[in-house]
Structure formats: C-alpha cells, structure tokens
Amino acid sequence: MTVLGRLDSIYRRTGANLPTGDPRPSHGAEMEGYFWRVTDMAHQRVLVVLCGVNRHPDGDWATVAMAAHPGGFVRSAVLDGASAAPDRFLVTAGDGAFTATDTDVHVDLGPDARADLSLSRPVTWPLALGAGGVFSALPFLGQYWHPHLLGGAADGNVHVGDREWEIIDADVYAEKNWGAGFPEQWWWGQAQGFDRPDVCVAFGGGLLTAGPLSANVGGLVVRIGAKVIRLTPPFSRVRSETDGQRWDVDGRGHGYRVHIIGQGVGEPHVLPVPLPAQRRNIDTDFEFLAGHLSVEVSGRLEYRGESNLAALEIGHRPTTQEKAQP
C-alpha cells in the first residue's frame with residue numbers, strides 16, 4: 001500500500017474521507033448503511049432495497065429490507081454474518097441472502113421477497129468532496145451521508161408478495177450513510193421520474209453531533225444533465241421544514257437557489273431502524289415511496305420539474321421505552 005493509501009485508510013477510520021476518496025467501502029463505523037432506489041417510470045413502480053451492517057461484539061449483523069410501490073409491500077429481516085469490505089464495494093449478509101457490488105444487488109428474504117438487479121451506465125459522484133461538503137472531511141461526526149449513484153440503469157427480476165416484476169432500463173439511485181447510528185431525528189427525500197431522465201434530486205437533514213456539540217444540519221444535491229449542484233453548510237444556506245406530510249427545502253449558495261416542495265401521498269411505508277447493541281430492528285422510519293415533489297432551480301442554471309414517484313421520509317431514533325421493548 002502506498003503512503004497515500006495508508007493515510008487514507010487511517011483517516012477513514014474516523015468516519016471522514018479525504019478529498020476524492022471513495023466513501024462506499026466500510027469505514028468500520030458502528031453502522032454502515034447502503035440504500036438503492038429504482039424508479040420504473042414505464043410502469044409507475046418503485047423498488048427500495050436497503051442493508052445496514054451493524055457492529056456487535058458477538059458478530060456483525062445486518063438490517064435488510066425491501067419495499068415496493070404500488071401495493072404497500074415491505075419485508076425486513078435481521079441477518080447474521082454481515083460484512084462490508086474496507087477496500088472495495090462489497091456488502092454481504094445472511095449466507096447469500098444479500099450481496100451487493102457496484103454492478104449487482106441480490107436480495108432473498110423468501111420466495112415472495114426477492115430481487116436480482118444488474119446496474120449499468122452509472123452516473124457517479126463527480127465532486128472531490130462528498131455530499132456533506134466540508135463536513136465529509138471532518139472526523140468523528142455522528143453521521144455521514146453520501147449519494148454515490150445519481151443515475152443509471154437497473155435491469156432484473158423482482159418478487160414482491162404475489163407479484164413478479166421484470167425491471168427493464170429503470171432509473172436507479174444509490175447512497176450510503178454511516179456513523180454511530182441514526183440521529184435523534186431526520187428527514188430525507190429523493191426523486192427521479194421528471195420530464196428529463198437526467199434529473200435527480202436528493203436532500204436530507206438531521207441532528208449532527210460531534211462530541212458535546214450538536215446542531216440541526218441539512219443539505220441537498222441536484223443533478224441536471226452533467227451538472228451536480230451541492231448545497232451544504234457552511235458555504236450555503238439550507239432551510240428545511242417538515243411535518244411528516246409536507247417537506248419544504250430551500251437552499252441558496254454558489255450562485256444557485258433550489259426550492260423543493262414534497263407532499264406525501266397515501267400512507268407511508270414503515271421501514272426498519274437498527275438497534276446495533278440489541279441485534280434487532282425497530283419501526284421508526286416512515287417513507288412515502290410515491291409522493292409528489294417539485295423542484296425549482298434558479299440562478300446560474302434554470303430548471304423546473306415535478307415527479308410523482310418521489311421518496312419522502314421522516315424518522316426518529318427510538319425512545320427509551322421503545323429501546324426497552326423486546
């Protein structure tokens with residue numbers, strides 16, 4: 001390993017990444033979370049796959065889940081034998097029940113909860129610093145977030161309940177979050193399915209901690225064609241408000257203003273949140289898989305668009321009573 005490679009490896013153990021570093025391999029954090037979202041515009045369908053690798057003295061374990069729209073399908077599981085490689089993008093769990101690389105995602109939670117996806121034509125993160133901007137390079141933060149796939153094609157077969165889907169050339173998005181666990185509260189959204197296939201929107205926020213300090217921090221990312229706009233503190237101002245039904249995000253900086261309005265439609269899917277020390281999941285994450293989202297970009301670049309297949313999420317860390325439940 002080169003000197004730079006050794007330096008990068010040491011720095012990654014703090015949770016941070018050096019500029020141009022790859023956030024996808026494991027940092028050795030208490031939780032390493034991986035998330036994929038497939039938007040099938042042709043059939044108005046959405047598929048979500050997630051895997052969280054959680055550290056535990058008795059052996060690392062995984063939170064694995066699938067969710068789909070339409071139909072309200074959710075399936076989750078606790079899987080032993082979880083691993084995320086520190087030197088490449090490889091995530092495995094459950095003795096073959098879950099495997100993911102940069103080109104394939106395989107999930108098998110039973111005959112009615114399976115997905116085999118092949119990913120191609122990836123639109124990867126183009127900037128030197130990650131989605132958190134300067135926060136991506138700061139060590140020992142409680143949580144890090146990075147969307148590493150802002151477009152591409154997904155193909156494959158999916159079983160959700162009594163339905164079988166053939167996925168052909170659908171849009172795909174992928175991200176990773178890692179750290180000591182989920183923040184006390186968080187909000188998030190992501191959308192493709194606009195009038196242009198080369199548009200992707202993602203935003204998030206929550207209570208960011210660093211030792212005794214904490215603050216509510218939000219950020220957003222918009223891809224329009226070959227241009228990726230990242231607005232994060234301290235060089236941009238991002239204001240976020242949500243009541244669990246409506247999301248209002250306004251970001252300004254670097255010559256841009258981005259205004260996002262999201263509206264939940266129907267009932268949210270309930271997704272699992274891991275309790276790493278207890279080797280179990282708890283349902284405190286609420287996500288609309290097909291909400292309505294509008295985005296308006298002005299300034300150095302102009303764009304206005306809408307999607308009816310947007311993800312809109314709000315969640316909270318378990319309360320003391322919830323943690324104590326078996």
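The values are calculated or read from the model by the stated rules, or taken from the named source; none is laboratory data. Because the structure is predicted, anything quoted here is derived from the model rather than measured. Neighbour counts run over all protein chains shown; Cβ positions are idealised from the backbone, glycine included. With ligands, DNA and RNA removed, areas are computed over all heavy atoms of the protein, side chains included. Shrake-Rupley method; radii C 1.70, N 1.55, O 1.52, S 1.80 Å.
Okay, here's what the table says:
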| read-out | value |
| --- | --- |
| Near pairs, Cβ below 8 angstrom, 6+ apart or cross-chain, from region 145-168 (closer than 17 Å to Asp116 by Cβ) to any residue that is part of a loop (DSSP other than H, G, I, E, B) and of a type in the set (A, V, I, L, M) | Gly152/Val123; Ile168/Ala42 |
| Pick from region 14-49, criterion charged (D, E, K, R) and under 19 Å from Gly189 (Cβ atoms), ranking: nearest to the chain's Cα centre (by Cα) | Arg37 |
| The lone exception for Gly291 - which of (1) within 19 Å of Gln192 (Cα to Cα); (2) more than 17 Å from the chain's Cα centre (by Cα); (3) of a type outside the set (Ser, Thr, Tyr) it fails | (2) |
| Test result for Phe235, in contact with a Cys (Cβ under 9 Å, 6 or more places away or on another chain), aromatic (Phe, Trp, Tyr) and over 20 Å from Ala68 (Cβ atoms) | no |
| Of residues in region 297-326 being at pLDDT below 95 and of a type in the set (Ser, Thr, Tyr), the one farthest from the chain's Cα centre (by Cα) | Thr320 |
| Number of the condition not met by Gly291 [criteria: (1) outside any loop (DSSP other than H, G, I, E, B); (2) within 30 Å of Asn54 (Cα to Cα); (3) open to solvent by 40 Å² or more (accessible area, probe 1.4 Å)] | (3) |
| Evaluation of Gly94 against (1) out of contact with any Ser or Thr (no Cβ under 6 Å at 6 or more places or on another chain); (2) surrounded by fewer than 20 Cβ atoms within 10 Å (Cβ to Cβ); (3) of a type outside the set (Phe, Trp, Tyr) (one fails), failing number | (2) |
| Pair list, Cβ < 6 Å and 6+ apart or interchain, from region 105-128 residues that are free of Cβ contacts under 8 Å to residues at least 24 places away in the same chain to residues that are of a type in the set (S, T, N, Q) and open to solvent by less than 60 Å² (accessible area, probe 1.4 Å) | His106/Thr99 |
| Qualifying residue in region 248-268 (condition: open to solvent by 20 Å² or more (accessible area, probe 1.4 Å), charged (D, E, K, R) and outside any strand (DSSP E or B)) | yes |
| Whichever residue in region 220-247 is outside any strand (DSSP E or B) and under 15 Å from Gly291 (Cβ atoms) and, among such residues, is least open to solvent (accessible area, probe 1.4 Å) | Gly244 |
| Filter result for the condition that a residue is part of a strand (DSSP E or B), closer than 30 Å to Val53 by Cβ and either among the small types (Gly, Ala, Ser) or touching a His at 6+ places or on another chain (Cβ under 7 Å) (or both), over Ala277, Ala311 | Ala311 |
| Boolean, Arg55 is within 27 Å of Ala290 (Cβ to Cβ), of a type in the set (Lys, Arg), touching a residue at least 24 places away in the same chain (Cβ under 8 Å) and in contact with a strand residue (DSSP E or B) (Cβ under 8 Å, 6 or more places away or on another chain) | no |
| Residues that are in a helix (DSSP H, G or I) and open to solvent by 20 Å² or more (accessible area, probe 1.4 Å), drawn from region 97-148 | Val134, Phe135, Ala137 |
| Residue within region 174-186 that is in contact with a strand residue (DSSP E or B) (Cβ under 9 Å, 6 or more places away or on another chain), crowded, with 18+ Cβ neighbours inside 10 Å and basic (Lys, Arg) present | yes |
